Amino acid sequence: MNSLRPRVFSGVQPTGNLHLGNYLGAVSRFVPLQESFECIFCVVDMHAITVWQDPHELAHNTREVTAAFIAAGIDAKRHIVFNQSQVSAHAELAWVFNCVARLGWLNRMTQFKEKAGKDRENASVGLYAYPSLMAADILAYRATHVPVGEDQKQHLELARDIAQKFNNDFAETIAEAGYNDGFFPLTEPLIAGPATRVMSLRDGTKKMSKSDPSDLSRINLTDDADTIAKKIRKAKTDPEPLPSEAKGLESRPEASNLVGIYAALTDKPIADVLTEFGGAQFSGFKQALIDVAVEKLSPITGEMKRLMDDQSHIDTILAEGAQRARQIAAPIFAEVRKIVGFVG
Ligand code: TYM
């Protein structure tokens, strides 16, 4: 298994506007990985429908996430960009994994608890089985590395547990098929940098999220410069000036969040940002943050708009990506069929 070639897989749900957390925690971090890995980036429309999606909006959002990938610098010619539902191996492998994963494991998933809320009985079965499909996304390509934000850590641990249990349960047929060291890799999460958990601009203890009812809580990748400026100006802060050392950010969630965002946008360590702004009032720091946010995000927003004007071009990217994804996944799933004992 160690001989598997390094391969990156990651997914983003088309469930509404992409926001700064998605960009800094995930999409922007995909870009440099293209230099050293073979990469597969997936718009996970099957994950999206685990909660109700208006069909027209789902289609629009699928194209918009694709546009965001391309606008952020993902090269769909050298790497693979596609939407999940076009490659049936995801659903097929997810079923096998549903039979490998244990109820007890899924019961521990905090994201299910958060999303299902109090009305658990009324949550979809898909929402519960979500992590099993996520493991299938990654392992359908035997991907070795998965860049994500901090909130996906538990799901990636589950993907490792599923891979491990599959390798153990089917050890005999895996060896018969000629694999000496298990079939599925124990995927490594890539969770790093100053923005693995970008928080709400209205409450530094809550994650920035697509589902927050307040649009002021997040910066969307579709926001124009004036909206970005307004949201940053209105962002919650505390009355103290900025500290000069990282220790001074402890128990100051809003300050810590804004400094982390600045660090990620400028690709500087937090310590350097604090050397520059230590002692400054938020008014000055916020203006600097507005400047870097607009400078970084406006070209992406503009390019997304341009790409969205040519829907057929986006659909072609997705169709070609899906075609290439199928070519990788098909022989892997054929091996899984043999290993499990499916005839034909
Ligand atoms: P999703 O669509 O919620 O988010 C996409 C990516 O953005 C990251 N992210 C954040 N990072 C930092 N701060 C935040 N506030 C923030 N909010 C979101 C997420 O961690 C993620 O990397 N289950 C996944 C999608 C998925 C997937 C996969 C990921 C499906 N299959 C296989 C990796 C591999 C999700 O719902 O991400």
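List the aspartates and glutamates whose Cα lies under 19 Å from the Cα of K118, skipping any in the same chain that are fewer than 8 positions away.
D212
Sort out the exposed loop GluC sites (Glu not before Pro) in the chain (DSSP loop, at most 15 other Cβ within 10 Å) and tell me the longest stretch that has none. Working shown, then result.
Details: sites that count: E245, E250.
The reported range is 1-244.
How large is log10 of I(q)/I(0) for the chain at q = 0.09, 0.10, 0.11, 0.14 Å⁻¹ when the intensity is taken from the Debye formula with one equal scatterer per alpha-carbon?
Per q value, in the given order, log10 I(q)/I(0) is -0.52, -0.63, -0.76, -1.16.
By a straight-distance test (C-alpha under 19 Å), which aspartates and glutamates pair with K338 as possible cross-link partners, with residues fewer than eight away in the same chain excluded?
Qualifying aspartates and glutamates at Cα under 19 Å: E92, D169, E172, E176, D181.
Compute, for the stretch 215-306, the length of the dipole vector about the Cα centre, with Cβ point charges of +1 (Lys, Arg) and -1 (Asp, Glu) only. Units Debye, rounded to 20. The partial results should precede the final answer.
Values: 13 positive and 15 negative charges, 59 e Å.
Result for the stretch 215-306 is approximately 280 debye, rounded to the nearest 20.
Answer rounded, prolate or oblate for the stretch 209-344, using the Cα gyration tensor with square roots of eigenvalues a ≥ b ≥ c: rounded when a/c is under 1.5, else prolate when a/b is larger than b/c, else oblate.
Prolate is the answer for the stretch 209-344, as a/c is 1.5 or above and a/b outweighs b/c.
Name the shape class, rounded, prolate or oblate, that the alpha-carbon gyration tensor gives for the stretch 87-199, where a ≥ b ≥ c are the square roots of its eigenvalues, rounded holds for a/c under 1.5, and otherwise prolate holds if a/b is larger than b/c and oblate otherwise. Numbers along the way, then the final one.
On the way: a/c = 2.25, a/b = 1.36, b/c = 1.66.
Oblate is the answer for the stretch 87-199, as a/c is 1.5 or above yet b/c matches or exceeds a/b.
Which entries in the list K206/K286; K210/K234; K115/K234; K206/K236 go over 24 Å, if you measure between the two C-alpha atoms of each? Don't skip to the answer; put the middle values down first.
On the way: K206/K286 20 Å; K210/K234 18 Å; K115/K234 28 Å; K206/K236 12 Å.
With Cα atoms farther than 24 Å apart: K115/K234.
Setting aside same-chain residues fewer than 8 positions from K305, which lysines have a Cα under 19 Å from its Cα?
Candidates past the 8-residue exclusion: K296.
Hey, in the GNM for the chain with a 10 angstrom Cα cutoff, which one of R326, R102, R202 fluctuates hardest?
Maximum among the listed residues: R102.
From the Cα gyration tensor of the stretch 153-249, with a ≥ b ≥ c the square roots of its eigenvalues, which class applies: rounded if a/c is under 1.5, or else prolate if a/b is larger than b/c, or else oblate? Intermediate results must be reported in sequence, preceding the final value.
Numbers: a/c = 4.07, a/b = 2.67, b/c = 1.53.
Because a/c hits 1.5 or more and a/b exceeds b/c, the stretch 153-249 counts as prolate.
Read-outs: derived from the displayed coordinates by stated rules, not from any lab. As the structure is a computational prediction, the values presented were derived from the model and not from experiment. When we count neighbours, we look across all protein chains shown, and the Cβ atoms used for this are built from the backbone with ideal geometry, even at glycine.
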